[in-house]
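So the structure is just underneath, and the comments pick up after that.
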Amino acid sequence: MILAETIGTTGLTGLEQAGIIGGFFFSSASILLAIYFGTRVQNNRITNKTLRVEVAKELHDIFAAKDEFAKHVEDTQRGFENVERRRREDSSLLHEKINKVDRDVAGLSRATELQNQFLSRIDAKLDRAIEHHHE
């Protein structure tokens with residue numbers, strides 16, 4: 001009303017006054033729409049803070065109580081300990097097998113050495129016997 005009274009005192013024609021009022025109306029509507037859609041876009045944005053809140057909510061849903069989370073931690077720790085125990089057992093078993101092969105190879109090496117010495121003695125005896133026979 002105040003705008004209409006102010007415009008009415010300026011001496012403008014009715015068409016000019018309607019144009020001014022229409023301009024104010026469309027300007028106001030544009031500003032209100034920009035504010036409305038601007039806030040809607042901001043609410044749809046995902047920020048670090050909202051993402052952290054969503055992750056926290058999901059974790060809370062997964063581990064609804066501290067006891068459940070503690071149980072999960074204990075189960076995980078027990079699993080790691082089992083894996084470490086099995087690794088140590090496998091390592092010990094592997095070392096035992098390697099040591100057995102090492103002993104077997106050492107025994108075979110010694111036996112081969114003794115056989116070579118025995119064959120050398122036999123060869124020397126044969127050489128003497130052949131020389132003695134040709135004399």
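Where a number appears in this text, it was derived from the coordinates with a stated rule and is not lab data. A quick note: this is a predicted structure, and the numbers were derived from the prediction, not measured. Cβ atoms come from the backbone with ideal geometry, glycine included; neighbour counts cover every protein chain shown.
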Inset, instruction - Figure the gain on full extension for I20 and E58 (residue separation times 0.36 nm, minus the Cα-Cα span) and round it to one decimal in nm. - result: 8.2 nm
Legend entry - Label-point separation, D67 to S30 (7 Å along Cα→Cβ), nm: 6.4
Inset, instruction - Report the extension gain between D75 and I98 in nm, rounded to one decimal, defined as 0.36 nm multiplied by the number of residues separating them, less their alpha carbon distance. - result: 4.8 nm
Inset, instruction - Run the quick spin-label model on N116 and R86: label points 7 Å from Cα toward the beta carbon, then report their separation in nm to one decimal. - result: 4.6
Inset, instruction - Run the dipole for region 65-135 about the Cα centre, Lys and Arg Cβ at +1, Asp and Glu Cβ at -1, nothing else charged, and hand back the magnitude in debye, nearest 20. - result: 140
